[in-house]
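Here the structure is laid out as structure tokens; the discussion comes afterwards.
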Amino acid sequence: MNVEAGMFTVQQTMGNVACCKCGVPMTPNAANMCVKCLRSEVDITEGLEKQATIIHCPECDTYLQPPRTWIKAQLESKQLLSFCVRRLKNLSKLKLVHAEFVWTEPHSKRLKVKLRVQKEVLNGAVLEQAYVVEYVVHDQMCDSCSRGQANPDQWVAAVQLRQHVSHRRTFFYLEQLILKHDAAVRAIRIKQMDQGIDFFFSSRSHAAKFVDFVGKVAPVKSRHDKQLVSHDPKSNNFNYKYTFSVEICPICREDLVCLPPKLVANLGNLGPLVVCTKVSNSVALIDPLTLRHCYLDAEQYWRASFKSLLTSKQLVEYIVLDVDVVPSAEVNLGGSKYVLAEVQVARVSDFGKNDTMFYVKTHLGHLLNVGDYALGYDLYSANSNDMELDKYKGLVLPEVILVKKSYEEKKLKKRGKPRSWKLKSLNMEVDISATRGRVDEARMNNEYEQFLEDLEENPEMRFNISLYKNREYRPSEAASVTDGDEDAPGVPLEELLADLELNNQELKDDRFKE
């Protein structure tokens, strides 16, 4: 614009000055020194680490980030470069401009990273300098790999879980709780026994922590012993093997219980016939005739130490003929609603044989409708020899005690079909010698199928465990089966978790995309 106006402008040029140290012509800067002289005067990498040590697991190819985090990273990857830079101390005082790997032999156990940093030095001049950091790689197996490589017979502490019942549904549920909370992650070996599971640990503290976890999710009683393995008289060191014996309460959900007279008096004349509705760290009991209920913790139960009068294997199927709900008679127990009702039922097995019907009270008034099926205990034809029941003179037993609504007809249509969800399982070995050859695969599969059906019927049980999407499930396979069965129990899709599985090929593809 000044040229168009006829004005003459002088173009500014950058002059050179002599370096105050060596006299070489140079572009002026705040320190009036050339780059060589400035570097000879100031070393911005002074105090920075030029050598460091990193821990590498050769089994799973991970690196230890103190104190106990293991990071998976491939050689010369962005993850490994970021991990190496973060290991350096005092690097935050400088500005990191660039970082890259310097090639080294793969078997040299050395990693070299070239860093370029900047820092403000004399009179505000900014100096940039590059240097190489050498990392010495030490091989050390991580905790999970060392447990996998350890000799399973070299255990220090063992936890023996036992429950003296005729089924394993309690251990199926307990297995899912252990998996969700990673309670057995320190176990070096897990063995399935006849009436329980054995867990082996390399440390007594790990076993004690596991026992504490089981005590928080189930009413148990435990005792522990130790056995001397070796003794060094010179150093006065003793080596022991510890054994924790843990017994789980034999009362299970849906069991019919006859309470001892002394406990009935302490509970305000509750029962004495009650139904177990839930078992956690306490036992929830409800009187189906009056809706009175109570909770028994582990200490209260083991002080009385009673057993089930009838178990879920003795349930009989009934059909509901009439329902009359008792007004203003409902209660909430453990998050579940129960309503008192008077119902007329008949055994399904009696259809076409006789006209026997029963008029009973039940706590399932909120679930049952005319024409529904229900499972209950047949006290009319049962022959009980329970000692606690014999203590009650003149006690009139109800003919039927209903326990839950039955979906057997609808479940038969879906049985054998794939589910849209699945469960994980512990890596257990089966001890044939301890079971004396009595491992019945058909019985185990039937009990596991019953456990899966219980999960579908009971949302409270699903709340405490993790269910995963089944990738192999195809909706078209079961579409014709589920049509018209909207009332059949199932697991909603929003309750399922995505099962994350990564293989080596996927990791390589992700690295190339970066």
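Got at least one residue in segment 124-138 being in contact with a Lys or Arg (Cβ under 9 Å, 6 or more places away or on another chain), more than 30 Å from ALA30 (Cβ to Cβ) and open to solvent by 30 Å² or more (accessible area, probe 1.4 Å)?
Yes, segment 124-138 has at least one match.
So in segment 439-458, with the set limited to residues that are over 18 Å from LYS410 (Cα atoms) and assigned to a helix (DSSP H, G or I), which one is least open to solvent (accessible area, probe 1.4 Å)?
Once the filter is applied, the top-ranked residue is GLU447.
I need the strands (runs of 3 or more DSSP E) fully contained in segment 313-390, keeping only those with at least 2 residues that are closer than 30 Å to ASN446 by Cα and of a type in the set (Phe, Trp, Tyr).
373-378
Identify all residues within segment 179-191 that are outside any loop (DSSP other than H, G, I, E, B) and either touching a strand residue (DSSP E or B) at 6+ places or on another chain (Cβ under 6 Å) or crowded, with 17+ Cβ neighbours inside 10 Å (or both); write none if there are none.
Of everything in segment 179-191, those that are outside any loop (DSSP other than H, G, I, E, B) and either touching a strand residue (DSSP E or B) at 6+ places or on another chain (Cβ under 6 Å) or crowded, with 17+ Cβ neighbours inside 10 Å (or both) turn out to be LEU179, ALA187, ILE188, ARG189, ILE190, LYS191.
State whether the residues of segment 309-330 include one that is more than 18 Å from ALA374 (Cα to Cα), touching a residue at least 40 places away in the same chain (Cβ under 8 Å) and touching a Cys at 6+ places or on another chain (Cβ under 7 Å).
Scanning segment 309-330, I find at least one residue that is more than 18 Å from ALA374 (Cα to Cα), touching a residue at least 40 places away in the same chain (Cβ under 8 Å) and touching a Cys at 6+ places or on another chain (Cβ under 7 Å), so the answer is yes.
Would you pick out the residues in segment 326-347 that are at pLDDT 90 or above and among the β-branched types (Val, Ile, Thr)?
Hits for segment 326-347 are VAL339, VAL343, VAL345.
Could you run through segment 391-448 and say how many residues are small (Gly, Ala, Ser), modelled with pLDDT of 85 or more and in the same structural domain as LEU309 (by the TED database)?
Counting residues in segment 391-448 that are small (Gly, Ala, Ser), modelled with pLDDT of 85 or more and in the same structural domain as LEU309 (by the TED database) gives 1.
Is it the case that some residue within segment 292-304 is surrounded by fewer than 21 Cβ atoms within 10 Å (Cβ to Cβ), modelled with pLDDT under 90 and over 24 Å from the mean Cα position of the chain (by Cα)?
Yes.
Considering only segment 385-432, state which residues are free of Cβ contacts under 8 Å to residues at least 12 places away in the same chain, among the small types (Gly, Ala, Ser) and under 28 Å from LEU364 (Cα atoms).
GLY394
Would you confirm whether any residue within segment 266-284 is in contact with a His (Cβ under 8 Å, 6 or more places away or on another chain), surrounded by 15 or more Cβ atoms within 10 Å (Cβ to Cβ), within 30 Å of ALA207 (Cβ to Cβ) and not basic (Lys, Arg)?
yes
Answer yes or no: is there a residue in segment 498-505 that is assigned to a helix (DSSP H, G or I) and either at pLDDT 50 or above or open to solvent by 70 Å² or more (accessible area, probe 1.4 Å) (or both).
Among the residues of segment 498-505, at least one is assigned to a helix (DSSP H, G or I) and either at pLDDT 50 or above or open to solvent by 70 Å² or more (accessible area, probe 1.4 Å) (or both), which makes the answer yes.
Name the residues in segment 391-411 that are closer than 17 Å to LEU315 by Cα and not in a strand (DSSP E or B), would you?
LEU397, PRO398, GLU399, TYR407, GLU408, GLU409, LYS411
For segment 43-68, which positions are over 24 Å from the mean Cα position of the chain (by Cα) and in a loop (DSSP other than H, G, I, E, B)?
ASP43, ILE44, THR45, GLU46, GLY47, LEU48, GLU49, LYS50, PRO58, GLU59, ASP61, PRO66
For segment 223-267, which residues satisfy the criterion of being among the small types (Gly, Ala, Ser) and touching a residue at least 12 places away in the same chain (Cβ under 8 Å)?
SER245
Does segment 80-87 include one or more residues that are open to solvent by less than 60 Å² (accessible area, probe 1.4 Å) and at pLDDT below 85?
Within segment 80-87, not a single residue is open to solvent by less than 60 Å² (accessible area, probe 1.4 Å) and at pLDDT below 85.
Looking only at segment 255-275, count every residue that is at pLDDT 90 or above, under 30 Å from LEU455 (Cβ atoms) and in a loop (DSSP other than H, G, I, E, B) and tell me the total.
2
Which ones in segment 384-425 are open to solvent by less than 60 Å² (accessible area, probe 1.4 Å), of a type in the set (Lys, Arg) and touching a strand residue (DSSP E or B) at 6+ places or on another chain (Cβ under 7 Å)?
Residues satisfying the conditions are LYS404, LYS405.
Based on what the data block shows, is TYR380 under 23 Å from HIS164 (Cα atoms), of a type in the set (Phe, Trp, Tyr), surrounded by fewer than 17 Cβ atoms within 10 Å (Cβ to Cβ) and modelled with pLDDT of 85 or more?
When the stated conditions are applied, TYR380 does not pass them.
The values are calculated or read from the model by the stated rules, or taken from the named source; none is laboratory data. What you see is a predicted model; the values in this text were computed from it and never measured. Virtual Cβ from ideal backbone geometry, glycine too; neighbours counted across all protein chains shown. Areas reflect the complete protein model, heavy atoms only, side chains present, ligands, DNA and RNA absent. Shrake-Rupley method; radii C 1.70, N 1.55, O 1.52, S 1.80 Å.
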